[in-house]
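The values are calculated or read from the model by the stated rules, or taken from the named source; none is laboratory data. Worth saying up front: this structure is predicted, and the values here are computed from it rather than measured. Note that each Cβ is placed from the backbone with ideal geometry, even for glycine, and that neighbours are counted across all protein chains shown.
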Amino acid sequence: MFVNQAADLVIQLSSSLKTKPDVGEFGIVFTDHMLTIEWTATKGWKAPFIRPFGNLALHPASTSLQNAIQLFEGLKAYRGDDNQLRLFRPMLNMKRMAYSAWRACLPAFDQSELLECIRRLVEIEQDWVPHSDVASLYIRPTFVSTEPSLGVKKPIRALLYVILSPVGVYFKTTDAVSLWADPKYIRAWKGGTGDCKMGGNYGCSMLAQHEAVDYGCQQVLWLYGDDHQITEAGTMNVFLHWINENGDEELATPPLDGIILPGVTRRSILELGRKWGEFAVTERYITMDQLCSAVKQQRVKEMFGCGTACMVCPIGRVVYQGQDLHIPHQDAKVTSRIAKELTDIQVGGRTNIHMHEYMQTHTDARCFPYSSVTAGRTSVCFILPSPSGFCFHVLIAYFE
């Protein structure tokens, strides 16, 4: 692991800064600088390096290219109404990245030290964070094997790097998305890497995505097993708000059984719904037969996907085995309520935090807790001060 690496951070600022364009298509514009940290089995982690954004030099036989030994994460920096920047539950991303690294046989890293290096990078690029509650700065940590070998083996060289991109909405349409469900394509399977954020999980989905468009749909509703269990929607976790078979109002999402990505937004929505206490909030298996019956019996209230990139996205239609299932979405009260509450938290409009995953693991002496009371709710986060006077709020979690 790299220990106290943030203290050894080397910074080389670009001598030629880019003109900052308006936020356009998702993930095609990048900031002026990037973070790189090299690792070898013999020497361990080198000092982290913030340098001008540029191409990487990889050997053609690099096992990240040959054997797909690589992974990535995705989180965002938000600018609040108070002009402060905030990260939303970043230690969950660090924890998930560490798990993905273990699964890919890439080296372990200190999660708190990496987060501090990311904070420093965002601090340098703070002017790139949009002044908007519908746009943000997308943070993409990436971890790849750089060992030049055609053999399939555990890497002895690797590179961890972080790039930043100002982004707006993920989907171009403002309407609810449509999904194509066909069991002939499988996103992930038990014992595989569906619960990791690896590029191979997404690259292998391209053909199904292309076929979904041929059927007039925008995304794929991924199914699993002989009973066609619903798993994920495109690159999103999926939720169903309905009256279940027992006549109870329920907000349900598939369980984390190894084929579902443990999304940060997914977890936050579960906690938010349970805090409301207005209906059952469950992690359970849902099959296409159950969904078809519920739609026919008008028991479906709404359905939505969620993720860091797309936030909360209503689902309006599912095409499945000749059936065109229309999902209510014009008056999707729970979907819009969740989207608003999460956005308020992320931009600092409302934060009531009670969990402590960041507090328990972060040991940087420069970080100190900050608390206040707003509208009768306690807000707890960390302010990460810097010599420049820039303050960065790291949201640990929320809800009381």
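Observations
- Flag: ALA208 does not match the condition of being in contact with a helix residue (DSSP H, G or I) (Cβ under 9 Å, 6 or more places away or on another chain) and modelled with pLDDT of 95 or more.
- Some residue of segment 175-194 being in contact (Cβ under 8 Å) with a residue 60 or more places away in the chain, buried (at least 16 other Cβ atoms within 10 Å of the Cβ), assigned by TED's automatic domain parsing to the domain that holds LEU256 and within 15 Å of the chain's Cα centre (by Cα): yes
- Single condition GLY258 does not satisfy, out of (1) buried (at least 20 other Cβ atoms within 10 Å of the Cβ); (2) farther than 18 Å from LEU291 by Cβ; (3) not polar (S, T, N, Q): (1)
- When residues of segment 80-98 are limited to those that are outside any helix (DSSP H, G or I) and not charged (D, E, K, R), the one farthest from HIS131 (Cα to Cα): PHE88
- Lone qualifier among HIS210, HIS228 - being surrounded by fewer than 22 Cβ atoms within 10 Å (Cβ to Cβ) and farther than 29 Å from ARG299 by Cβ: HIS210
- Evaluated against (1) among the small types (Gly, Ala, Ser); (2) more than 17 Å from the chain's Cα centre (by Cα); (3) in a helix (DSSP H, G or I), SER268 falls short on exactly one condition, (2).
- Test set (1) of a type in the set (Gly, Ala, Ser); (2) in the same structural domain as LEU325 (by TED's automatic domain parsing); (3) touching a Gly at 6+ places or on another chain (Cβ under 9 Å) - SER132 fails condition number: (2)
- SER145 being touching a Cys at 6+ places or on another chain (Cβ under 6 Å) and in contact (Cβ under 8 Å) with a residue 12 or more places away in the chain: no
- Residue in segment 32-42 that is farther than 25 Å from ALA108 by Cα and among the hydrophobic types (A, V, I, L, M, F, W, C) present: no
- Any hit, segment 28-39, residues being of a type in the set (Phe, Trp, Tyr) and assigned to a strand (DSSP E or B): yes
- Residue within segment 29-37 that is over 23 Å from the mean Cα position of the chain (by Cα) and either outside the structural domain of PRO107 (by TED's automatic domain parsing) or not basic (Lys, Arg) (or both) present: no
- Within the set GLU116, GLU123, the sole residue that is farther than 22 Å from PRO21 by Cα and either within 14 Å of the chain's Cα centre (by Cα) or not in a loop (DSSP other than H, G, I, E, B) (or both) turns out to be GLU116.
- Options ALA108, ALA101, ALA68, ALA77: the member that is of a type in the set (Gly, Ala, Ser), part of a helix (DSSP H, G or I) and not assigned by TED's automatic domain parsing to the domain that holds GLU271: ALA101
- Verdict on THR146 being buried (at least 20 other Cβ atoms within 10 Å of the Cβ) and of a type in the set (Ser, Thr, Tyr): yes
- Condition met for ARG51 (within 29 Å of LEU261 (Cα to Cα) and either of a type in the set (D, E, K, R) or surrounded by fewer than 16 Cβ atoms within 10 Å (Cβ to Cβ) (or both)): no
- Of the set (1) more than 19 Å from the chain's Cα centre (by Cα); (2) at pLDDT 95 or above; (3) not charged (D, E, K, R), all apply to GLY80 but (2).
- Checking ASP364, ASP324, ASP331, ASP344 one by one, the residue that is charged (D, E, K, R), at pLDDT below 90 and either crowded, with 17+ Cβ neighbours inside 10 Å or under 30 Å from LEU221 (Cβ atoms) (or both) is ASP331 and no other.
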